[in-house]
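Trainee: Below are the structure tokens for one structure; questions will follow.
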Amino acid sequence: MAPQKICIVGSGNWGSAIAKIVGNNALAKPDQFDPDVSMWVFEEQINGHKLTHIINTQHENVKYLKGIKLPDRVVAIPDVVDASRGADILVFVLPHQFVHGVCEKLKGNIKPTAVAVTLIKTLKIPCCKDTQLGQHLKAVFQTSYFRIVVVEDETTVEVCGALKNIVATAAGFTDGLGYGDNTKAAVIRLGLMEMIKFCEIFYPGSSLSTFFESCGIADLITTCYGGRNRRVAEAFVKTGKSIEQLEKEMLDGQKLQGPPTAFEVNYMLKARDMEERFPLFTAVHRICTGVIPVQEMVQCLKNHPEHM
Ligand SMILES: NC(=O)c1ccc[n+]([C@@H]2O[C@H](COP(=O)([O-])OP(=O)(O)OC[C@H]3O[C@@H](n4cnc5c(N)ncnc54)[C@H](O)[C@@H]3O)[C@@H](O)[C@H]2O)c1
Ligand SMILES: O=P(O)(O)OC[C@H](O)CO
């Protein structure tokens, strides 16, 4: 098989981090991959210079991953159709709210044999279930410091990634309200229970063991202690500013996934009259949309179905 061309669709914080990993792997495995990796960059001006120009000359995404050098042969391209032209592997890594618009542009403009990998945390993307292809794609991402496990329960992996952002938002509210570690642990536990229940109901067939992979409990802990959703949610309580305003002020262009995911999940719960069975997901949505004050969050969890 000829070396495969890789395009990274996205260039935010995670997009840039994965560009470093993928770019180095492509250089190290020229028999498998074209060493030139393209990266679609949503163009913006930084101190009067185009971000693509800065990345292509300084080999650093100075806005979204400051201080980390990207491999020289990762090339930033501002047009997504140009960036993906001729690519065999498209790595999607952009905030989920922009996926639809980007895919509309790509429709009819990519190699018919191209495969897509999504690193996006969302509920929306149907994935293929090809373990052979999974092993091949593992070579794109695996490094000595970034280990990949190929699992067949791909829906649960993706849904875990999306739902943990809601739990992280709740954890941030807890921190902002000044509660201690026991309350936060209770929120994380109930959040995990709701994640499992949500998968059971909406995506039957998921395996409980998947929640013990990195995508489950490990990502949940990371995001509830260190993530952007947690940080902004804490500031929401402490400052009284809106989530939108804090996202702009605190994240410098990076995007929160928790509040929009809570909105999407609430839409699914409401449609099945199931809000009461998911008090944590429901409370986060109601707080983010101003329906209830954040001070009511813990009250909403006191009669959680897990306690009945
Ligand atoms: N950052 C992490 O640690 C991390 C880890 C794992 C997964 N993820 C997931 O990866 C995905 C991408 O997150 P990220 O952290 O790379 O992004 P980010 O939040 O750091 O960056 C936002 C990106 O959106 C782009 N953008 C802004 N307006 C746009 C528009 N109108 N159209 C298209 N793009 C626009 C920006 O240029 C920037 O590249 C998300 O689903 C996230 O949950 C993130
Ligand atoms: O910073 P957050 O809260 O968007 O979380 C980032 C990653 O998803 C954690 O793996």
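Trainee: Kindly evaluate Thr118 against the criterion of being in contact with an Asp or Glu (Cβ under 8 Å, 6 or more places away or on another chain) and exposed (fewer than 14 other Cβ atoms within 10 Å of the Cβ).
Mentor: Values: in contact with an Asp or Glu (Cβ under 8 Å, 6 or more places away or on another chain): yes; exposed (fewer than 14 other Cβ atoms within 10 Å of the Cβ): no.
Taking the combined requirement at face value, the residue does not satisfy it.
Trainee: Now for a separate question. Residues that are out of contact with any Leu (no Cβ under 7 Å at 6 or more places or on another chain), under 19 Å from Lys302 (Cα atoms) and among the aromatic types (Phe, Trp, Tyr): does region 174-190 have at least one?
Mentor: yes
Trainee: Quick check on region 185-199. Is at least one of its residues within 16 Å of ligand 1 (Cβ to nearest atom), at pLDDT 95 or above and either more than 18 Å from the chain's Cα centre (by Cα) or more than 12 Å from Ala171 (Cα to Cα) (or both)?
Mentor: Checked against the condition, which is being within 16 Å of ligand 1 (Cβ to nearest atom), at pLDDT 95 or above and either more than 18 Å from the chain's Cα centre (by Cα) or more than 12 Å from Ala171 (Cα to Cα) (or both), region 185-199 yields at least one hit.
Trainee: Of the residues Leu90, Leu70, which is touching a helix residue (DSSP H, G or I) at 6+ places or on another chain (Cβ under 8 Å) and within 30 Å of Val265 (Cα to Cα)?
Mentor: Values: Leu70 fails: within 30 Å of Val265 (Cα to Cα).
Only one candidate passes the filter, namely Leu90.
Trainee: With surrounded by 21 or more Cβ atoms within 10 Å (Cβ to Cβ) and touching an Asp or Glu at 6+ places or on another chain (Cβ under 7 Å) as the only criterion, which of Leu94, Leu90, Leu123, Leu70 stands out?
Mentor: On the way: Leu94 fails: touching an Asp or Glu at 6+ places or on another chain (Cβ under 7 Å); Leu90 fails: touching an Asp or Glu at 6+ places or on another chain (Cβ under 7 Å); Leu123 fails: surrounded by 21 or more Cβ atoms within 10 Å (Cβ to Cβ).
So the residue among Leu94, Leu90, Leu123, Leu70 that is surrounded by 21 or more Cβ atoms within 10 Å (Cβ to Cβ) and touching an Asp or Glu at 6+ places or on another chain (Cβ under 7 Å) is Leu70.
Trainee: Whether any residue in region 161-177 is out of contact with any helix residue (DSSP H, G or I) (no Cβ under 8 Å at 6 or more places or on another chain) and either more than 16 Å from ligand 2 (Cβ to nearest atom) or free of Cβ contacts under 8 Å to residues at least 24 places away in the same chain (or both) is what I want to check.
Mentor: So the first thing to find is which residues in region 161-177 are out of contact with any helix residue (DSSP H, G or I) (no Cβ under 8 Å at 6 or more places or on another chain), and the list is none.
No, because not a single residue in region 161-177 is out of contact with any helix residue (DSSP H, G or I) (no Cβ under 8 Å at 6 or more places or on another chain) and either more than 16 Å from ligand 2 (Cβ to nearest atom) or free of Cβ contacts under 8 Å to residues at least 24 places away in the same chain (or both).
Trainee: Continuing with the same structure: Tell me the residue from Ile221, Ile148, Ile217 that is within 18 Å of the chain's Cα centre (by Cα), within 16 Å of ligand 1 (Cβ to nearest atom), free of Cβ contacts under 8 Å to residues at least 40 places away in the same chain and part of a loop (DSSP other than H, G, I, E, B), please. Give the steps one after another, and end with the answer.
Mentor: Details: Ile221 fails: part of a loop (DSSP other than H, G, I, E, B); Ile217 fails: part of a loop (DSSP other than H, G, I, E, B).
On inspection, the qualifying residue turns out to be Ile148.
Per-residue answers, yes or no, for (1) under 22 Å from Ala139 (Cα atoms); (2) within 16 Å of ligand 2 (Cβ to nearest atom):
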site: Thr57; (1), (2): no, no
site: Lys66; (1), (2): no, yes
site: Val75; (1), (2): yes, no
site: Asp79; (1), (2): no, no
site: Ala87; (1), (2): yes, no
site: Leu90; (1), (2): yes, no
site: Val93; (1), (2): yes, yes
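Trainee: Applying the selection to region 53-67, what residues are among the hydrophobic types (A, V, I, L, M, F, W, C) and over 11 Å from Ala19 (Cα atoms)? Can you show your working first?
Mentor: Within region 53-67, the subset among the hydrophobic types (A, V, I, L, M, F, W, C) is 54-55, 62, 65.
Scanning region 53-67 gives Ile54, Ile55, Val62.
Trainee: When you look at Ala2, is it in a helix (DSSP H, G or I) and over 16 Å from Gly253 (Cβ atoms), yes or no? Spell out the reasoning first.
Mentor: Details: in a helix (DSSP H, G or I): no; over 16 Å from Gly253 (Cβ atoms): yes.
For Ala2, the condition - in a helix (DSSP H, G or I) and over 16 Å from Gly253 (Cβ atoms) - is not met.
Trainee: Separate question: Within region 228-258, how many residues turn out to be touching a residue at least 24 places away in the same chain (Cβ under 8 Å), part of a helix (DSSP H, G or I) and more than 11 Å from ligand 2 (Cβ to nearest atom)? Write out each step before concluding.
Mentor: Of the residues in region 228-258, the ones touching a residue at least 24 places away in the same chain (Cβ under 8 Å) are 228-238, 243, 252-258.
After this cut, where a residue has to be part of a helix (DSSP H, G or I) as well, the list is 228-238, 243, 258.
Filter once more, keeping what is more than 11 Å from ligand 2 (Cβ to nearest atom): 234-238, 243.
Selection size over region 228-258: 6.
Trainee: So, Ala171, is that one closer than 18 Å to His304 by Cα and within 16 Å of ligand 1 (Cβ to nearest atom) or not? Full working, then the answer.
Mentor: Details: closer than 18 Å to His304 by Cα: yes; within 16 Å of ligand 1 (Cβ to nearest atom): yes.
Yes.
The values are calculated or read from the model by the stated rules, or taken from the named source; none is laboratory data. Here the structure is a predicted model, which means the values were calculated and not measured. Every residue, glycine as well, gets a Cβ built from its backbone with ideal geometry; the counts of neighbours run over all protein chains shown.
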